[in-house]
Amino acid sequence: MTGFSAGISAIRFGYGLGPQTAPYFRPDDLISELDRAAAVPPLFPLEGVQGRRDALIDFASREKAARAERRAVGTGGAEDDAIKVLRREVQKRFRRDSVLRVTQAVLSPYAFHERLASFWINHFTVSASKSPVMRLLVPLYEAEAIRPHLAGSFRDLLISASLHPAMVIFLDQAKSVGPGSRRGKRQGGEAANENFAREVMELHTLGAGSGYSQADVQALALMLTGVTLAPTTTETVFNPRVAEPGSFAILGQRYGREGSLDDARTILSVLADDPRTARHVSSRLAIHFIGDQPPHDLVEKMALRWRETHGDLSSVYAVMLEHPAAWTASAGKTKMPLDYVVSSLKAFGFNRAQLLNTDDADDPDGESDMMADAGARAGAARGLGQLSVETLDALGQPLWRASNAAGFDDGSGYWGGPGQLAQRIAFARRIIARGGKSLDPRDFLQATLDEVARADTIAVVNQAPNREAGLLATLVSPEFNRR
Amino acid sequence: MKKMTDRILISRRGLIGAACSLAAAPILSPVSLAAVPGDSRFVTIVLRGAMDGLDLVQPYGDLAFRQLRPKLALTPDTGLIDLDGRFGLHPAAAALEPLYRRGELGFVHAVSTPYRDGRSHFDGQDMLEGGGSAQRGSEGGWLNRVLTLTRNPAPAIDVSVTPEMILSGPNPADVWAPRSDIALADDELQMLARLYRNDPAYTKALSDAVGVDAFTDLLRGEAVEDRHGAAAAKLAGTMLRDKYRIASFSINGWDTHVNQKAQFQPAARILSGAITTLRESLGEAAWAQTAVLAVTEFGRSAHENASGGTDHGTGGCAIIAGGAIRGGKVYGRFPGLDDSDLLDGRDLMPTGDVRHIAAAILASQFGISGSALRSSVFPGLQEEARVAFL
């Protein structure tokens, strides 16, 4: 380990420095927090994990009843309204979960854990935009399928994410039917849906262009048939009636059937252990945390440790944290919007009440009321969490709603344009108005960027024409927007 | 092209266009208000960023002035509005001329707070708002301490935009925000240009964000600016007419380091618009009982610099307005601009203390005794002879 710096550590591997940020002193500190962090349930989903599962059952039965009623009575009546009410409830809960998700990232003392959660939820992307039930499922997915596994073995994480109902729905696996299965033979003309198989190989494990073939994709798709959802509980189950019988040749090996979810677990374990997966995922991690072009030897060392430990993620992170590239001052990686928003909020040390105040959560248009007339009461401002969620939409990283399975782009170039800058300035000004007026910009700069501050920023902050401008200069400085 | 960072002429509108859905904090701050007994009103306007008093009220009769400021100095032949044969008003503040002629507006030149030689905006503003006794905001503002003496605190109302220091403190004051849909003052845009000058990617992003038609935008921007100059003032005026008697707000945009010729104008227009709008929205009767005091943390250097701007200085100019003051005059003892007259050879030498102006107005408007003002509103302020403008 060379050149470890508490400032760089907090900025590059956490959500930045702030009044409540506990400094890391060694790379080991980052690793050792992960176990403690996993033991603390996140603020979302709103009703907790068990409560959300109950809500899903309730949702399924109410939706089913409303649909049945509509079929019986026709469209346009009270039954449509029942569906609308249900959707509105779901939408409201999703907005609340979104605010809680931002709040979790700001308030958690385990910043490396939070950043990893954001990395992995993006690696194993699902989108709440897919359907109403997904708006209930995705926050649950992050809480129960991603977060508990991000410091353990990649195999467990992969299986947990892949077999979660959110992923099963998102990649259309729930509708996949083996052509030779009982239902496939009865209906005729069915082909297994390849979407799940393709994304698992291309995005989640081996990586595009790593040498698997279309035949491998097809065989994997067939082997995964039977993995589907139970309609009343929205749980992932194995349905033998849609499962393709026989055996499957994948990546040069032949796999038979157990006739349970273990079929999927088996092949996912194989993919997790493949050396190509080690290199692909190590590279994704290094690109995210270190830079758009991470040193070749870093990725090789991570992949080697991966193979030695059969994908023990904490060990792989440790290799990354011990590499000199992790501690060079000018990494220059542009923060993604979530990182920018959360680190800005953290810089002020906003508390839970300031973040969660969502009196106006029912206002679908947001802005309108507050800006309506010249006498708008300053005190009627929306909560910072709500403002942040809207800002993430405007910045192109809407929470839990990536537009495709590849997730949000991780490249610096993607997040550096003029529109991005303008939105970041606008957000910074608004949160400064909420919490920054009494701060001295020079102290704020010191506490927020510490040794990372550039001479230009120090000079500009010292000479800024007013307090807000000085705080603004810190939050929109290049070094605050990079890590 | 000259180095971008020296003269990045950038418009507000471009940035607003890019950031339209998330309107930002205004150039004008929220208005802080307090109720006190009686019908006399008092408004303070904090001009943040160090308003150049020598540009607003130009000593055009002084030959040294033109030598110090070859680019910035105006004369009545080039648009300056003559006030008294010696001083002239910047044309961007033309809206103030009728008030001046009616005796409802005046200036006090060459004044400052006790803050000297530091030239930090933050410390200067803390000194200005703290009343000379506070640094770094710990003790609240002098206008809040006034409320203790008037013994009639306004009812406390929950606020989420924090009040500015001048009217914050133990006594409750309400905070209201005007419509806030203007993004950045010109000096703040220039500040960003300096912030990004060694970072080509950010420099480009900023200039793209603010648009390429910056020149025309600055020229066309008047209507937009005036409207926004009016927003806080209209709000303040309306509230003062009714329940409240004390109001305070700020106007940003005065940090004119580069290209002051273009940059000073929008801020001067906003200030002028704010004062005339205050008068309109208060109405004749209430205006007659109103005193307005606009002050800045310090003045700017007497010399213009190589970028056509001015640097942080010391002596500045205060603006007084309202039916309760006797205007139509440039007050203060102007020290002159020869090298030997300047402070450290660079700043207008302050010959008066802005706290005396405020104290005189407070005594006259609210009947507060001079000794009470000197002991608790402006601790440490020495007694001074009666001020002429009341």
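No lab work stands behind these numbers, since they all come straight from the coordinates. Treat the numbers as computed from the prediction; the structure is a model and nothing was measured. Glycine gets a Cβ as well: all are built from the backbone with ideal geometry, and neighbour counts include every protein chain shown.
For this structure, a couple of remarks:
- Taking only Cα atoms of region A:121-199, radius of gyration then Dmax in Å: 14.4, 45
- For region A:217-295, the alpha carbon positions stretch 49, 35, 17 Å along the principal axes, listed from largest to smallest.
- Label point 7 Å beyond Cα of A:Glu47 along Cβ direction - residues of region A:156-170 with amide nitrogen under 18 Å: A:165-166
- Estimated FRET transfer efficiency when R0 is 30 angstrom, pair B:Asp242-B:Glu384 (beta carbons, to 0.05): 0.30
- Filter on A:Lys301/A:Lys335; A:Lys335/B:Lys204; A:Lys130/A:Lys346; A:Lys130/B:Lys204; A:Lys175/A:Lys333 - keep pairs with C-alpha separation over 29 Å: A:Lys130/A:Lys346; A:Lys130/B:Lys204; A:Lys175/A:Lys333
- P(r) of region B:296-390 over all Cα-Cα pairs, binned every 10 Å from zero, in whole percent: 15, 37, 32, 14, 2
- The calculated P(r) of chain A, using every Cα pair and 20 Å bins from 0, goes 22, 52, 23, 2 in percent.
- Based on the Stokes-Einstein relation at 10 °C and a viscosity of 1.306 mPa s, and on the Kirkwood radius from alpha carbon pairs, the protein assembly as shown is assigned a translational diffusion coefficient of 53 µm²/s.
- Ratio of Rg to Rh for region A:1-61: 1.23 [Cα atoms; Kirkwood radius as inverse mean 1/r over pairs].
- Rounded to 10°, Cα long-axis angle of helix A:337-348 versus longest principal axis of chain A: 40 degrees
- Three-way shape label, region B:40-150, alpha-carbon gyration tensor, a/c 1.5: oblate
- Stretching the chain fully between A:Asp292 and A:Asp172 yields a gain of 40.1 nm (0.36 nm per residue, less the alpha carbon separation).
- Net charge in the neighbourhood of A:Thr391 (other residues with Cβ under 11 Å of its Cβ; Lys, Arg +1, Asp, Glu -1) is 0.
- For region A:137-252, the convex hull spanned by the alpha carbon atoms encloses 106 Å³ per residue.
- Across every pair of non-identical alpha carbons in region A:389-483, the mean reciprocal distance, once inverted, gives a Kirkwood radius of 14.5 Å.
- Working note: 222 nm ellipticity from helices only, DSSP H runs with n ≥ 4, each -39,500 (n - 2.57), summed and divided by the residues of the protein assembly as shown, gives -14000 deg cm²/dmol to the nearest 500.
- Spin-label pair B:Arg102-B:Ala288: with each label point 7 Å from Cα along the Cα-Cβ axis, the two points sit 1.2 nm from one another.
- A cut-off under 13 angstrom between Cβ atoms defines the neighbours of A:Ser160, and their net charge, with Lys, Arg +1 and Asp, Glu -1, is 0.
- Placing a label point 7 Å from the Cα of A:Ala406 along the Cα-to-Cβ direction, the residues of region A:129-163 with a backbone N closer than 20 Å are A:129-130.
- Over chain A, Cα pairs under 8 Å with separation of 6+ residues give a relative contact order of 19 percent.
- In plain terms, the residue of B:His121, A:His310, B:His257 with the fewest other Cβ atoms within 10 Å comes first and the most crowded comes last, giving A:His310, B:His257, B:His121.
- Kirkwood analysis of the Cα pair distances in region B:244-366 returns a hydrodynamic radius of 16.2 Å.
- Region A:59-212, Rg to Rh (Cα coordinates; Rh as Kirkwood inverse mean 1/r): 1.05
- Extension gain, A:Arg254 back to A:Tyr414 (0.36 nm per residue minus Cα-Cα distance, nm): 53.4 nm
- Listed by chain and number, the lysines whose alpha-carbon sits under 20 Å from that of B:Lys234, ignoring those within fewer than 8 places in the same chain, are B:Lys243.
- Label-to-label distance for B:Asp344 and A:Ser210 is 6.3 nm, based on points extended 7 Å past Cα in the beta-carbon direction.
- Cα-based helix-to-principal-axis angle, A:418-435 vs chain A, degrees rounded to 10: 60 degrees
- Here r is the Cβ-Cβ distance between A:Ser131 and A:Val40 and R0 is 30 Å; the resulting FRET efficiency, rounded to 0.05, is 0.50.
- Computed over region A:162-215, Cα set: Rg, Dmax in Å: 12.9, 37
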